[in-house]
Amino acid sequence: MSQHLLSISDLNRESALHLLDTAANLARATETTVKKLPTLRGRTIVNLFFEDSTRTRISFEAAAKRLSADVINFSAKGSSLSKGESLKDTAITLQAMGADGVVIRHPASGAPKRLADQKWMSGSVINAGDGTHEHPTQALLDAYTIRDRLQSGKGDLQGIRVAIVGDILHSRVARSNVLLLKMLGADVTLIAPATLLPVSVEKWNVGISFDFDRDLSSFDVVMMLRVQRERMVESFFPSEREYARNYGLNSVRLSRLKEDALVMHPGPMNRGLEISADAADSIHSVIPDQVKNGVLVRMAVLYLLLSGEQS
Ligand code: NCD
């Protein structure tokens, strides 16, 4: 692996599979012995969050602690960041504190790359979500969950049919997932209203559909995306009712899924909008697994970037 994880394009098929295998090994190690491994003892990891987050921040914190690293949580609110301190000054502070790894979430696409490229700090930079650009560890935990459930935790995702449904336009989760799922051989279809697809989507080389009901029973995985109201400055659909009717995963659509199809959602969910409560809580749902696997995959990322093991 390279020094940083800024995008799925920092990985290739081999290193992505190695990372997923490492996460599976860590799952076995932490299940059978103790929850905490000494691997990153003495290392410092800083969680630098310029955007609200519950699950991703907690997940990175749990991952770092399970590898015995020291963790510093640095959120924009209540720090000098909210007083306008620049990314550069923050990076210089982190360097002075001896951060070996910085996990950054930022509303601007490209902020993690800027931190890594400018060499203000010598540690590894891990992108925990930048604007509408990428969220590589989310895609890795999603791939881990699919592989664990549908491929017995082995090999790639060849032949698995994945539908990614909803607000693709604002979704860094969709961008990272498209790159990784394709790299691992899955067959990806994006399903959304035309207003919620990026203009460049044709270049993504995936299937596109405006009709959620068509081919519904052919998918092995249905990944629902949150409608990201906070990134919407204009109206992208006539009403929430109409959106839910056309693009929501409800009980009728749920009943049409393949018997062993997986329902996924990165969270936080808008229950009743993109996903109904019964779909979120159904036997198809692997949403709690995604959260659990997130810790394992982030442990693998921190381990591979910071322990010096090269794949
Ligand atoms: C996602 C994110 O922040 O990009 N959530 C997450 O990381 N668990 C998706 C979202 O906010 O909808």
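For the reader, a short list of remarks on this structure follows.
- Region 154-195 - residue that is in a loop (DSSP other than H, G, I, E, B) and small (G, A, S) and, of those, nearest to A128 (Cα to Cα): S171
- Of the residues examined, F212 is one that is closer than 14 Å to I168 by Cβ and modelled with pLDDT of 95 or more.
- Of all residues in region 36-75, those satisfying the criterion of being away from the ligand (no atom under 16 Å from the Cβ) and part of a helix (DSSP H, G or I) are A64, K65, R66.
- Complete set of residues in region 224-242 that are away from the ligand (no atom under 15 Å from the Cβ) and outside any loop (DSSP other than H, G, I, E, B): E240, R241, E242
- Selected residue (only one of L11, L26, L20, L5 is more than 21 Å from S176 (Cα to Cα) and either of a type in the set (A, V, I, L, M) or not assigned by TED's automatic domain parsing to the domain that holds S122 (or both)): L26
- Test result for V178, in contact with a helix residue (DSSP H, G or I) (Cβ under 7 Å, 6 or more places away or on another chain) and away from the ligand (no atom under 16 Å from the Cβ): no
- Of D213, D220, all but one fail to be of a type in the set (D, E), in contact with a Lys or Arg (Cβ under 6 Å, 6 or more places away or on another chain) and away from the ligand (no atom under 16 Å from the Cβ); the exception is D220.
- Some residue of region 188-203 being in contact with a helix residue (DSSP H, G or I) (Cβ under 9 Å, 6 or more places away or on another chain), among the β-branched types (V, I, T), under 26 Å from Q151 (Cα atoms) and surrounded by 20 or more Cβ atoms within 10 Å (Cβ to Cβ): yes
- Consider region 78-92 and keep the residues that are out of contact with any Phe, Trp or Tyr (no Cβ under 9 Å at 6 or more places or on another chain) and not acidic (D, E). The one that is modelled with the highest pLDDT is S86.
- Lone unmet requirement of (1) away from the ligand (no atom under 16 Å from the Cβ); (2) in contact (Cβ under 8 Å) with a residue 24 or more places away in the chain for I126: (1)
Here's the yes/no breakdown for (1) buried (at least 17 other Cβ atoms within 10 Å of the Cβ); (2) within 24 Å of the chain's Cα centre (by Cα); (3) polar (S, T, N, Q):
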{"site": "L26", "(1), (2), (3)": "yes, yes, no"}
{"site": "R57", "(1), (2), (3)": "yes, yes, no"}
{"site": "S75", "(1), (2), (3)": "yes, yes, yes"}
{"site": "E85", "(1), (2), (3)": "no, no, no"}
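- Single residue of region 245-292 satisfying the filter (assigned to a helix (DSSP H, G or I) and among the polar types (S, T, N, Q)) that is nearest to the chain's Cα centre (by Cα): Q290
- Of the residues A128, A99, the single one that is part of a loop (DSSP other than H, G, I, E, B), touching a Ser or Thr at 6+ places or on another chain (Cβ under 9 Å) and surrounded by 23 or more Cβ atoms within 10 Å (Cβ to Cβ) is A99.
- G98 vs. criteria within 16 Å of L225 (Cβ to Cβ), not assigned by TED's automatic domain parsing to the domain that holds F237 and not acidic (D, E): no
The values are calculated or read from the model by the stated rules, or taken from the named source; none is laboratory data. The structure displayed is predicted, hence computed values, not measured ones. Methodologically, a virtual Cβ is constructed for each residue, glycine included, from the backbone with ideal geometry; neighbour enumeration extends over all protein chains shown.
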